[in-house]
Amino acid sequence: MSVVKSLFFFGPLFFGLAFLAPLVAQVMVRLDLNAPFALSPLQFGLIIGTVLGLIATYRGKWI
Amino acid sequence: MTSQSLRAREKAIAEQFMGGIPWLMVFWGITNTAIWIALWPLVFTGIMPLWLGFIIATINITASYLPSHDAQHYIIAPKGSKLEWFNELVGHWSLIPLTLPLRTARITHMEHHKHANDPLLDPDYSTHATGPLQALWKTIVNRQPRAEGGFNRYGQLLQQWDSPAAKSALTDAIINKILFFGILAALALSGYAIEAALLWWLPRHLALTYISFYLSWAPHHPGVEKGRYKDTRAFKSRMGNIWSSGMQYHIVHHLYPTIPLNKTPAAYRALRPILLERGCNLDHM
């Protein structure tokens, strides 16, 4: 159970990396948007997903 | 009329609405999930536009709970009967889009019936709110990763109960959650993040908001009293009975949980004089 609890504790970070990051990247490609600082859409998505996921993991809430 | 004879009359009326297979609920449960599954190839192959898939998926996932609710109460086929497997099949199948396991839903729902409005024992108590706006806000709060309410409360209670049934329900819930996010991640990493978001992730959040509001908060509001005739109510919904998922007559369900959802309006009308005598909150219905 402790393994599961740890897994779920870091759930927001996993969600940010594995779902939000590709989602942001694919939305940018679909809408033909450019990422700042010459980043690729996936790099930009990974930054957004990681930052949001870490914040949500730390706070225990997304909003 | 004594309380006992009133109860006997109430029971005799209610029994007229019980029994038989509620085919409408069976049809609803089976086709609803089948339509939701069909959306995926239709959208992936470009036959259906994603925006339309999103709307249909939201309706599908919102509608996925109630057929399973009849199955949770063994209304489709009684426990121990030859058709119990059919009841379980409809219950499991209809909940796939919502990603809520039947055994988890059933055990927590039965406790809700036993302890409705009890702050410590009612698994659904976290949906209580002072008004509709707060109720909507609480559905969002309850879904945050380390929220104390919502499905997290189910998990806490399942660990506390520590029975074999609770352990099974908890295992189902854990597997279900891992599978759901695993599938979402697999789809996203395969290039289908937008489709996964609009056919499942976002519609599910919208559905859970609706379900929490109309199936939990509204029929129990203000939710301060306990007891057979006090822990739920009849209410007039601005959305009408169908768009509020039949919850206007939820009081009938708490009194006689084996009456199928589609028969609760008629049962309510038949039982109304007795409910008035019992002092139930009928909200001028």
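The values are calculated or read from the model by the stated rules, or taken from the named source; none is laboratory data. Note that this is a predicted model, so its numbers are computed, not measured. Backbone-built Cβ (ideal geometry, glycine too); neighbour counts: all protein chains shown. Accessible surface is based on the protein model in full, side chains and every heavy atom, while ligands, DNA and RNA are left aside. Shrake-Rupley method; radii C 1.70, N 1.55, O 1.52, S 1.80 Å.
General observations
- Taking the criterion of being in contact with a Ser or Thr (Cβ under 7 Å, 6 or more places away or on another chain) and either more than 16 Å from residue B:168 (Cα to Cα) or outside the structural domain of residue B:220 (by TED's automatic domain parsing) (or both), the residues of the stretch B:92-119 that qualify are B:93, B:94, B:95, B:96, B:97, B:98, B:116.
- For the stretch A:41-63, the set of residues classified as of a type in the set (Val, Ile, Thr), open to solvent by less than 50 Å² (accessible area, probe 1.4 Å) and at the interface with another protein chain (Cβ under 10 Å from one of its Cβ atoms) consists of A:57 only.
- Filter result for residue B:190 (more than 23 Å from residue B:106 (Cβ to Cβ), of a type in the set (Ser, Thr, Tyr) and surrounded by fewer than 15 Cβ atoms within 10 Å (Cβ to Cβ)): yes
- Check on residue B:116, of a type in the set (A, V, I, L, M), away from chain A (no Cβ under 14 Å) and within 29 Å of residue B:53 (Cβ to Cβ): no
- Selection of first residues in the stretch A:12-29 that are at the interface with chain B (Cβ under 7 Å from one of its Cβ atoms) and of second residues that are outside any helix (DSSP H, G or I) and of a type outside the set (Phe, Trp, Tyr), restricted to Cβ pairs under 7 Å at least 6 apart or on distinct chains, gives the following pairs, ordered by first then second residue: A:12/B:145.
- Just one residue in the set B:62, B:99 is on the phi > 0 side of the Ramachandran plot and touching a helix residue (DSSP H, G or I) at 6+ places or on another chain (Cβ under 9 Å); that residue is B:99.
- Any chance residue B:182 is facing chain A (nearest Cβ under 10 Å), over 21 Å from residue A:11 (Cβ atoms), surrounded by fewer than 19 Cβ atoms within 10 Å (Cβ to Cβ) and free of Cβ contacts under 8 Å to residues at least 60 places away in the same chain: no
- All positions within the stretch B:148-168 that are within 14 Å of chain A (Cβ to nearest Cβ), in contact (Cβ under 8 Å) with a residue 12 or more places away in the chain and closer than 21 Å to residue B:95 by Cβ: B:149, B:150, B:151, B:154, B:155, B:158, B:166
- Complete set of residues in the stretch B:109-127 that are touching a His at 6+ places or on another chain (Cβ under 7 Å) and open to solvent by 20 Å² or more (accessible area, probe 1.4 Å): B:113, B:121, B:124
- Those helices (runs of 4 or more DSSP H) of the stretch B:129-223 that lie entirely within it include none in which at least 2 residues are in the same structural domain as residue B:106 (by TED's automatic domain parsing) and in contact with a His (Cβ under 6 Å, 6 or more places away or on another chain).
- Looking across the stretch B:202-224 at every residue that is open to solvent by 40 Å² or more (accessible area, probe 1.4 Å) and more than 18 Å from residue B:48 (Cβ to Cβ), the one that is farthest from the chain's Cα centre (by Cα) is identified as B:224.
- The requirement of being loosely packed, with under 14 Cβ neighbours inside 10 Å and on the phi > 0 side of the Ramachandran plot is satisfied by residue B:227.
- Selected residue (criterion: least open to solvent (accessible area, probe 1.4 Å)) from residues of the stretch B:130-140 that are more than 8 Å from chain A (Cβ to nearest Cβ) and under 23 Å from residue A:52 (Cα atoms): B:139
- Residues being closer than 30 Å to residue B:149 by Cβ and either facing chain B (nearest Cβ under 10 Å) or surrounded by 12 or more Cβ atoms within 10 Å (Cβ to Cβ) (or both) are entirely absent from the stretch A:30-40.
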